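Asker: Got a structure for you, written out below as structure tokens; questions coming shortly.
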Amino acid sequence: MSSSTSTSPRQLRWTLAVLALAQLMYALDLNIVFVALPEIGSELGFPGQTQQLVVSAYVVFAGGFLLFGGRAADLLGRRRIFVIALALYAVSSLAGGLADTPELIIAARAVQGIGGALLLPATLALINTVFEEGPSRNRALAVWGGAGASGLTIGALLGGVLTENFGWPSVFFVNVPLAGLLVPAALFVIPGDPERRERRSFDLPGALSVTIGSTLLVFALVQGPETGWGGTPVLTALGTAAVALALFVVIEKRSADPLLPFRLFRNRSLGISVSITFLYMATFGVLPYFLTVLLQNVHGYSPLRTGLAFLIPSVAIAIGTQLGERAVGRLGTRNTLAAGFAVGAVGTAVLALGFDESAGYGLLVPGLIVSGVGQGIVWTAMWIAAATGTAPGEQGVANGAASTGLNIGNAIGLAVFTAVADHGTEGKTGEALRAATAHGEFLVVLLTAAGMAAGLLLALGLRRRSGSPAGPSATAPEREEAVTAR
């Protein structure tokens with residue numbers, strides 16, 4: 001049951017501020033190092049393609065530990081795991097900024113990834129239990145979503161500003177005071193974890209199998225485009241991941257207290273939401289990477305200028321998250337998701353026109369605005385859908401499942417679309433390489449638009465409620481279109 005009825009409005013506002021800032025920090029870390037990679041590579045001696053390991057280490061460990069983090073939040077306490085995750089962020093960020101070897105910075109990013117895997121589901125579980133289902137929770141998710149969705153693009157802006165003015169270590173050091181501030185703030189304003197009256201076991205075999213399987217799967221998806229899909233490390237990782245994940249399914253079916261109760265997916269809203277978070281990150285989520293490549297490698301932008309170019313989409317995404325919350329109240333989650341994907345598909349198709357070697361930034365702006373608004377709408381609505389109809393005691397693992405879809409979508413999207421973008425660039429240099437890169441990315445952006453159109457159809461699969469778990473405060477569209485949890 002939600003605790004919002006027993007928490008003062010003032011405390012709820014402070015709680016939301018802390019959760020939104022934590023999400024901003026999490027989202028920043030996904031993209032903030034992109035524009036700093038060349039400088040990190042040159043100063044620490046990363047040869048060529050291995051610079052991508054700085055990004056991959058974070059993605060791999062974040063993806064592998066999300067289900068573990070979600071279940072830990074449910075069993076050990078959401079606020080407790082939230083604080084532990086922030087502490088991991090502070091320590092690993094300090095280590096990353098002080099790193100003087102490639103091995104140390106990769107290890108720091110891996111620990112950051114584990115921190116992220118604990119932080120995201122714990123944050124969502126806190127929102128979905130502290131705020132009552134319905135308008136109050138939707139509003140909270142819109143604020144949280146605005147911080148997170150904007151952070152995906154603000155990361156590139158901040159990374160450029162910090163790298164150009166203070167050097168690459170600053171993209172790590174920026175997390176230290178922020179996480180250090182949020183830890184005591186969380187202990188002060190977030191309601192304490194309730195005492196558990198029932199004894200619950202932690203499904204260690206399930207946790208180990210799914211963590212190993214997910215980590216190796218994301219590793220293979222990230223490294224395949226870099227080192228080749230036929231390489232021994234990638235094939236070994238894929239085979240081991242398949243065995244570990246199959247073992248996980250067997251363990252969960254036989255466990256009396258499973259890490260991921262499969263009955264949760266009888267809630268159609270959660271099942272479709274996992275697919276939507278996957279598709280969201282495989283389409284909207286990969287655009288900042290390809291936009292960065294276009295601006296820096298094709299048009300020769302500096303890190304600072306690249307970062308400034310992300311201001312417009314950042315504002316558009318923030319506006320979209322707020323529109324998403326309002327639209328859910330009027331249209332319901334199903335129609336809002338469909339509308340968001342439709343707006344995003346149109347905007348992204350327009351955006352493709354700017355992916356040309358001779359095109360200026362001005363040609364990108366209309367698409368960035370429209371696509372960004374659609375992205376923000378979908379971001380808010382998809383988390384509302386993921387939380388609908390799930391019991392409070394299982395919000396952590398449910399959001400861990402949705403977050404895993406998000407992370408694997410990012411890994412697969414980048415793997416597939418990087419291969420498409422790189423096709424035809426082999427052996428080219430100079431002007432020919434820039435033209436081939438722009439053409440490859442033009443095709444990628446059109447394909448992401450097609451993926452968003454598929455997301456529209458997927459959203460329409462959300463069925464109307466036969467019951468009203470949202471409670472009496474829910475609006476008519478919410479009561480109409482929420483999903484039965486059973």
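Asker: Using just the Cα positions, wrap segment 118-183 in a convex hull and report its mean projected area in square nanometres, one decimal place. Walk me through the intermediate numbers first.
Answerer: Numbers: hull surface 20.9 nm².
If you wrap the Cα atoms of segment 118-183 in a convex hull and average its projections, you get 5.2 nm².
Asker: Moving to a separate point now. Note the direction-averaged projected area, equal to a quarter of the hull surface, for the Cα convex hull of segment 359-439, in nm².
Answerer: Details: hull surface 29.2 nm².
Here the figure is 7.3 nm², rounded to one decimal.
Asker: Largest first, how would Ser42, Ser56 line up by accessible area (1.4 Å probe)? Could you put the intermediate results ahead of the total?
Answerer: On the way: Ser42 85, Ser56 5 Å².
Ranked list, largest accessible area first: Ser42, Ser56.
Asker: Of all the accessible heavy-atom surface of the chain, with the other protein chains kept in place and a 1.4 Å probe, what percent is carbon and sulfur?
Answerer: Numbers: 12210 of 18230 Å².
For the chain, the apolar C and S fraction of the accessible surface comes to 67 percent.
Asker: Right, here's the next one. Hey, what number do you get for the chain at 222 nm if only DSSP H runs of n ≥ 4 count, each worth -39500 (n - 2.57), divided across all residues, to the nearest 500? Before the final figure, lay out the partial values.
Answerer: Details: 19 runs with 360 residues, N = 486.
When only DSSP H runs of four or more count, the value is -25500 deg cm²/dmol.
Asker: Restricting to Cα atoms and excluding each atom paired with itself, what does the Kirkwood estimate give for segment 262-334 in Å? Before the final figure, lay out each step's value.
Answerer: Values: mean 1/r = 0.0667 Å⁻¹.
Here the Kirkwood hydrodynamic radius works out to 15.0 Å.
Asker: OK, next. Distance from the Cα centre of segment 301-379 to that of segment 28-98, in angstrom?
Answerer: Taking the Cα centre of each part, segment 301-379 and segment 28-98 sit 26 Å apart.
Asker: Go through segment 264-270 residue by residue and turn each phi into a ³J(HN,Hα) via Karplus (6.51, -1.76, 1.60, θ = phi - 60°); whole Hz please, and just put x for glycine and proline.
Answerer: Per residue, the Karplus-derived 3J(HN,Hα) values read 4, 7, 5, 6, 4, 4, 5 Hz.
Asker: If you don't mind, there's one more thing I want to ask. Going by alpha carbons, how many degrees (0 to 90, nearest 10) lie between the helix axis of 365-387 and the longest principal axis of the chain?
Answerer: That helix lies at roughly 30 degrees to the long axis.
Asker: A further question follows. Using θ = phi - 60° and the Karplus form 6.51 cos²θ - 1.76 cosθ + 1.60, what ³J(HN,Hα) does each residue of segment 204-218 get, whole Hz, x for Gly and Pro?
Answerer: Calculated HN-Hα couplings, in order: 5, x, x, 5, 5, 5, 6, 5, 5, x, 5, 4, 5, 5, 5 Hz.
Asker: Would you work out the charge dipole size for segment 219-366 about its Cα centre, treating the Cβ of every Lys and Arg as +1 and the Cβ of every Asp and Glu as -1, and quote it to the nearest 20 debye?
Answerer: Working: 9 positive and 6 negative charges, 143 e Å.
Value, rounded to 20: 680 debye.
Asker: Sort Lys253, Lys428 by heavy-atom solvent-accessible area, probe 1.4 angstrom, most to least.
Answerer: Working: Lys253 155, Lys428 85 Å².
So the residues, ranked largest to smallest area, are Lys253, Lys428.
Asker: Counting alpha carbon pairs within less than 8 Å and at least 6 residues apart, what relative contact order, in whole percent, applies to segment 36-137? Could the numbers behind the result be given before it?
Answerer: On the way: 128 pairs, mean separation 36.5, N = 102.
Rounded, it is 36 percent for segment 36-137.
Asker: Sequence gap at least 6, Cα distance under 8 Å: using those rules, report the relative contact order of the chain to the nearest whole percent. Mind showing how you got there, number by number?
Answerer: Details: 974 pairs, mean separation 109.2, N = 486.
Relative contact order for the chain comes out at 22 percent.
Asker: Sort largest first and round to whole Å: the equivalent ellipsoid semi-axes of segment 332-394, each the square root of five times a Cα gyration tensor eigenvalue.
Answerer: Listed largest to smallest, the semi-axes of segment 332-394 are 33, 10, 7 Å.
Asker: Follow-up. Specify, per residue and in Å³, the volume enclosed by the convex hull of the alpha carbon atoms belonging to segment 41-162. Display every interim value, and only then the final one.
Answerer: Details: hull volume 13.4 nm³, N = 122.
Here the figure is 110 Å³ per residue.
Asker: Then there's this: Beta carbons within 10 angstrom, averaged per residue: use that to sort the peptides 187-193, 321-327, 402-408, 246-252, highest first.
Answerer: On the way: 187-193: 15.1, 321-327: 22.6, 402-408: 26.1, 246-252: 17.0.
The peptides rank, most packed first, as 402-408, 321-327, 246-252, 187-193.
Asker: So, one more: Using the Karplus curve 6.51 cos²θ - 1.76 cosθ + 1.60 with θ = phi - 60°, work out ³J(HN,Hα) for each residue of segment 168-179 in order, rounded to whole Hz, and write x for Gly and Pro.
Answerer: Those phi angles translate into 4, x, 5, 6, 8, 4, 4, 6, 5, x, 5, 5 Hz.
Asker: Using unit Cβ charges (K, R positive; D, E negative) and no other charged atoms, how large, in debye to the nearest 20, is the dipole of the chain about its Cα centre? Spell out each step's value before the answer.
Answerer: On the way: 29 positive and 27 negative charges, 383 e Å.
About 1840 debye.
The values are calculated or read from the model by the stated rules, or taken from the named source; none is laboratory data. Source: prediction; values computed, not measured. Note that we place each Cβ from the backbone using ideal geometry, even for glycine, and neighbour counts take in every protein chain shown. All accessible areas refer to the heavy atoms of the entire protein, side chains included, with ligands and DNA or RNA removed. Shrake-Rupley method; radii C 1.70, N 1.55, O 1.52, S 1.80 Å.
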